[in-house]
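Encoded as structure tokens, the structure appears first; notes follow it.
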Amino acid sequence: MILRVCVVVALLLPLFCREPLNNPYGSLDDRAVHYLPLSDDPKTLDPVRATDVVSFSIISNTHSTAYEYDYHARPLRLVPLLASEMPEEKTVLFEGRPVHAFRFRVKKGLRYAPDFCFDGKTGPEVTPDDVIFTIKRTADRSLSPYAYPLLERIIGFNEYADELEKRSVDKGEDRYKGNIRGVSRFDDDGIQILLEKPDLQLIYFFAIPSSAPMPEACYRRMVAAGRSIEEGIPASGAFYIKDRRLQSHIVLEKNPGYAGFQRYTVSPERGEQELPLLDEVRLTEVKSGPTLWRLFLQGYMDRISVGQDTFDQVFDGHDVTERFQKQGIYSDSDSELVTYGLLFNLQDPVVGPNVWLRRAVACSFNIEDLIARFYRNRAVPAAGLIPPGIEGGTENTNMSGSASGDADGIAEQRRAYQCAEGVPTLLARAGYPGGVDPATGNRLTLRMVDIARAGGTAIYRFYTESAEANGWTLKIDVYDTPTYFEKRMKKEFQITTWAWGADYADPQNFYQLFYGPNRSGTLNESSYDNPEFNALYLEILAMHPGPERRNRLRRMDAILKRDVPLMLSHHPVLYSISWPYLDPVVPHPVNFNQLKYRSVRPKLRREKVKALNSIFGGGF
């Protein structure tokens with residue numbers, strides 16, 4: 001018997017010393033490797049053409065931009081990255097007339113990562129010409145460039161775009177010959193951009209992945225070799241793509257050309273450090289929710305977002321459950337730069353001219369109850385159009401104009417301000433006493449359009465029952481996606497579901513949706529037009545962030561709440577959980593270029609993963 005036990009122990013002993021048999025990576029690296037899920041393949045790795053979240057998430061971590069969002073600052077604040085300073089803006093003479101100049105210098109020392117263009121070796125330094133070449137490619141309408149609207153106010157930009165349309169797409173190496181009149185170099189390291197008048201949104205182009213620099217010589221070499229730019233351009237960021245397999249994984253390696261370029265204080269305990277803090281990031285494509293959840297529980301994913309299906313397993317209210325706390329798992333959350341609500345069509349003969357009716361409708365729905373029933377803790381009431389984190393957002397403005405971070409409290413103030421009279425009184429003021437339409441003698445009935453969505457029935461019931469409880473009737477018409485958006489674009493609705501996410505973190509991105517002259521396009525779907533609001537909008541376009549601008553933003557917010565072109569609902573909140581071997585992450589609402597700030601502890605990971613995946617138990 002003793003001999004048999006010894007034999008069994010001898011056979012099993014290697015299992016205690018080797019990697020767990022279920023390790024999907026084969027082995028755990030001793031280097032600083034960060035393991036994350038990838039929801040899908042990026043649609044493109046050409047920064048100019050990218051529009052989807054997955055593509056942006058890869059491109060932003062592998063390419064540098066002139067400016068980036070400070071990792072810690074809230075409200076969000078742009079700081080130099082590739083640029084050596086914030087832009088200088090002044091009036092200069094151009095072709096005999098005064099114009100506005102936007103100028104910045106490109107910092108020395110950043111080199112491209114190893115790439116095909118450089119025969120697999122680390123590339124040359126990024127130059128102003130590389131940034132200018134990307135601006136020229138952004139003028140190429142044949143690429144459907146995402147950031148085109150941010151640049152079309154540059155002098156000569158649209159003319160250059162028109163010229164490109166006359167050239168054959170197959171022009172090859174010479175497609176981007178010539179210059180944009182308002183874009184040039186100054187000195188050895190500077191870029192100057194000329195505009196007819198100041199445009200404070202221009203800087204946001206230089207903070208999104210679309211502006212990633214590219215050497216024109218590399219473009220020419222790729223064209224000559226028949227290599228598609230969809231596969232990517234030379235990386236100028238903290239990481240570059242070392243390995244990529246479709247529907248499998250993407251491996252990001254530390255860019256040797258980034259060495260010594262950027263230092264930052266991620267945590268006070270560690271002080272200033274050279275970025276990136278990681279050696280490698282491995283992104284594994286996982287489409288199944290249960291599979292991703294299992295990989296996290298086994299320790300093979302460092303960090304995941306928590307959706308509705310797993311929220312109650314992880315959280316007790318806002319706190320991580322004791323079961324997860326015992327494993328050292330921690331959570332963080334941040335509201336997204338998105339606002340949800342219901343939009344009124346001010347061209348509609350019923351709701352359009354009747355602000356009291358719109359107010360009665362908006363006050364019929366208890367947003368706190370909506371969030372509690374359908375979003376749990378994964379949303380906060382929208383106290384204003386601007387989400388938290390952006391200048392003029394919740395943490396900066398409430399009804400009295402004082403500073404506050406209490407989104408729930410501010411939302412209650414909003415309801416008290418708009419709904420103090422109660423829905424019956426508001427309906428009477430609107431001309432529908434008792435909820436009866438005097439023109440027909442029947443109950444007031446309004447219609448809302450929405451897109452067919454999973455779980456929609458329960459939410460529709462909430463809206464219709466809320467209306468009935470407040471003395472009027474709501475009918476909801478559900479359409480397929482193309483028809484729904486056609487209805488919105490043609491303004492064939494009374495009320496519609498609505499949401500807007502920030503393309504860039506500036507309040508102008510939201511207030512443009514209610515600027516009167518935008519009624520003729522696709523932005524101002526409500527057809528709202530208020531001269532006082534319009535004048536304030538034009539003022540903030542020419543103002544830098546600060547107290548004076550925030551004062552105007554408060555006034556604009558108050559005007560919208562008075563005129564009620566929309567009912568504000570909520571801002572979604574994204575929750576994530578992480579294992580303790582991933583050092584605490586500061587969640588950021590603009591998830592660009594964030595991986596370089598993260599750090600891991602490989603030894604602690606190895607110990608935890610072995611304990612979680614022991615053949616004799618462990619884990620949860």
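Every number in this text was worked out from the coordinates using simple rules, so none of it is lab data. Just so it is clear, the model here is predicted, and its values are computed rather than measured. So basically every Cβ, Gly included, is an ideal-geometry build from the backbone, and we count neighbours across all protein chains shown.
Observations on the model:
- Each Cα pair under 8 Å and six or more residues apart adds its sequence gap; the mean of these over the residue count of the range 177-237 is a relative contact order of 18 percent.
- From most to least packed by mean Cβ count within 10 Å, the peptides 380-391, 501-512, 311-322, 119-130 give 380-391, 501-512, 119-130, 311-322.
- Between residue 601 and residue 71, residue separation times 0.36 nm minus the direct Cα-Cα distance comes to 188.7 nm.
- Separation between Cα centres of the range 424-492 and the range 53-93, rounded to whole Å: 43
- Once the C-beta distance of residue 179 and residue 539 is scaled by a Förster radius of 56 Å, the resulting FRET efficiency is 0.95 to the nearest 0.05.
- The Rg/Rh ratio for the chain is 1.01, where Rg is the radius of gyration of the alpha carbons and Rh is the Kirkwood radius.
- Both radii were evaluated on the Cα set of the range 104-203; the Rg over Rh quotient, with Rh as the Kirkwood radius, amounts to 0.99.
- Long-range amide H partners of residue 273 with built H, under 5 Å: 264, 265, 266
- The Cβ shell under 13 Å around residue 305 holds other residues with a net charge of -3, Lys and Arg each +1, Asp and Glu each -1.
- Residue exposure sequence - 493, 118, 239 - by fewest surrounding Cβ within 10 Å: 118, 493, 239
- For residue 123, the residues whose amide H sits under 5 Å from its own are 112, 113, ignoring neighbours fewer than 5 places away on the same chain, with H placed 1.01 Å from N.
- Our estimate of slack between residue 440 and residue 559, defined as 0.36 nm per intervening residue step minus the Cα-Cα distance, is 39.6 nm.
- Extension gain for residue 288 to residue 491 (0.36 nm times residue separation, less C-alpha to C-alpha distance): 69.3 nm.
- Legend: ranking of residues 160, 35 from fewest to most surrounding C-beta atoms inside 10 Å; resulting order 160, 35.
- The mean sequence separation of alpha-carbon pairs under 8 Å and at least six residues apart, normalised by the residue count of the range 234-277, gives a relative contact order of 30 percent.
- Extent of the range 338-573 along its three principal axes (Cα atoms, max minus min coordinate, largest first): 53, 37, 37 Å.
- Packing, taken as the mean count of other beta carbons within 10 Å per residue, orders the peptides 348-359, 520-531 from highest to lowest as 348-359, 520-531.
- Among complete DSSP H helices in the chain, those whose alpha-carbon atoms stretch at least 18 Å along the helix's long axis and whose mean Kyte-Doolittle hydropathy reaches -0.5 are 2-17, 456-469.
- For the range 518-581, alpha-carbon Rg relative to the globular expectation (2.2 N^0.38 Å, N residues): 1.59
- In the chain, helical runs assigned H by DSSP with n ≥ 4 each contribute -39500 (n - 2.57); averaged across all residues and rounded to the nearest 500, the mean residue ellipticity at 222 nm is -8500 deg cm²/dmol.
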